[in-house]
Amino acid sequence: MLRLGRCRFDTHEPVIMAIMNRTPDSFYDQGATFRDDPALDRVEQAVAEGAAIIDIGGVKAGPGEEVSAAEEARRTVGFVAEVRRRHPDVVISVDTWRHEVGEAVCEAGADLLNDAWGGVDPKLAEVAARYDVGLVCTHAGGAEPRTRPHRIAYDDVMADILRVTLGLAERAAALGVRRDAILIDPGHDFGKNTRHSLEATRRLEEMTATGWPVLVSLSNKDFVGETLDKPVKERVIGTLATTAVSAWLGARVYRVHEVAETRQVLDMVAAIAGHRAPAVARRGLA
């Protein structure tokens, strides 16, 4: 059982986390949801299409203009409060590595802190415990926030992913974060080259076998683009293929841009696995 905010998610229930970039320079939408009105419209659309979690980020992952903690909070805190007001039952996640921002968004109503940089600020887990919110524990290969990997190597990438994410998860639990609110994330592209991310996907069952719910953030990432030699706007099919494989191997939460398409993929995989009945069943019955 995964318990976040007011929501309870069963073991075989796939969960969609919709990406909400509150940045003017995101790699995917180039600031389309930086302003409040389009961002709130996007939240409405994502919820209508089946997203149970809205993941709000105030700093893009890649290199770029310096964004202070105060500016990151300015971009996210008020927006969290407004989404909370409009959607009392949706799970609100905030993508941040800074404990100061984590504390501010929890005060505003966040349910989950998505630490994509692998515990670089150890106080963030303490904030999650203090506010009784969830925490995503990610493998980032020891990379500093907003840096790209350079000639990174692992003797065994999945062994390192397990060592780091399980260590972060157990530390969070020891600090008081509820075990049913902790997720682990292999961190595709973060501190990894394309072959590392492909191997992490291929061996994802080693993560799901740990019993911790696994979150995958695959959407339109560079490993998909390099694998297929496609630019950012042409990576949807590759993303959905990777999503289907991850679902079959037991991932629980999917951080995505395309909610409706992902919902169909996850529903289809769940039906093939026997966890979901077909929406209709007429063929051969008349």
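The values are calculated or read from the model by the stated rules, or taken from the named source; none is laboratory data. Since this is a predicted model, take the numbers as computed values, not measurements. Quick reminder, even Gly has a Cβ in these numbers, built from the backbone with ideal geometry, and neighbours come from all protein chains shown.
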### Summary
All conditions in (1) within 19 Å of residue 58 (Cβ to Cβ); (2) in contact with a helix residue (DSSP H, G or I) (Cβ under 9 Å, 6 or more places away or on another chain) are true of residue 184 except (1)
### Message
Of everything in the range 158-179, what is closer than 26 Å to residue 197 by Cα and either of a type in the set (Lys, Arg) or modelled with pLDDT under 95 (or both)? Give them in sequence order.
### Response
163, 171
### Task
Can you run down the residue pairs with Cβ atoms below 8 Å, 6 or more apart or on separate chains, where the first is in the range 157-168 and buried (at least 23 other Cβ atoms within 10 Å of the Cβ) and the partner is assigned to a helix (DSSP H, G or I)?
157/196; 157/199; 157/200; 161/200; 161/207; 165/207; 168/125
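Before we move on, is residue 18 touching a residue at least 60 places away in the same chain (Cβ under 8 Å), in a loop (DSSP other than H, G, I, E, B), within 17 Å of the chain's Cα centre (by Cα) and within 27 Å of residue 249 (Cα to Cα)? It would help to see each step written out before you state the result.
Numbers: touching a residue at least 60 places away in the same chain (Cβ under 8 Å): yes; in a loop (DSSP other than H, G, I, E, B): no; within 17 Å of the chain's Cα centre (by Cα): yes; within 27 Å of residue 249 (Cα to Cα): yes.
Considered against the rule, which asks whether it is touching a residue at least 60 places away in the same chain (Cβ under 8 Å), in a loop (DSSP other than H, G, I, E, B), within 17 Å of the chain's Cα centre (by Cα) and within 27 Å of residue 249 (Cα to Cα), residue 18 comes out as no.
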### Summary
In the range 92-128, residues that are among the β-branched types (Val, Ile, Thr), buried (at least 23 other Cβ atoms within 10 Å of the Cβ) and not in a helix (DSSP H, G or I) total 3
### Residue tally, condition small (Gly, Ala, Ser), part of a helix (DSSP H, G or I) and in contact (Cβ under 8 Å) with a residue 40 or more places away in the chain, over the range 174-221
2
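Would you call residue 65 in contact with a strand residue (DSSP E or B) (Cβ under 9 Å, 6 or more places away or on another chain), over 18 Å from residue 131 (Cα atoms) and among the acidic types (Asp, Glu)?
Against the criterion (in contact with a strand residue (DSSP E or B) (Cβ under 9 Å, 6 or more places away or on another chain), over 18 Å from residue 131 (Cα atoms) and among the acidic types (Asp, Glu)), residue 65 does not qualify.
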### Query
If residue 83 passes every condition in (1) more than 25 Å from residue 2 (Cα to Cα); (2) part of a helix (DSSP H, G or I) but one, which one does it miss?
(1)
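With respect to residue 44, determine if the residue is among the acidic types (Asp, Glu), out of contact with any helix residue (DSSP H, G or I) (no Cβ under 7 Å at 6 or more places or on another chain) and over 19 Å from residue 16 (Cβ atoms). Walk me through it before giving the result.
Working: among the acidic types (Asp, Glu): yes; out of contact with any helix residue (DSSP H, G or I) (no Cβ under 7 Å at 6 or more places or on another chain): yes; over 19 Å from residue 16 (Cβ atoms): no.
Considered against the rule, which asks whether it is among the acidic types (Asp, Glu), out of contact with any helix residue (DSSP H, G or I) (no Cβ under 7 Å at 6 or more places or on another chain) and over 19 Å from residue 16 (Cβ atoms), residue 44 comes out as no.
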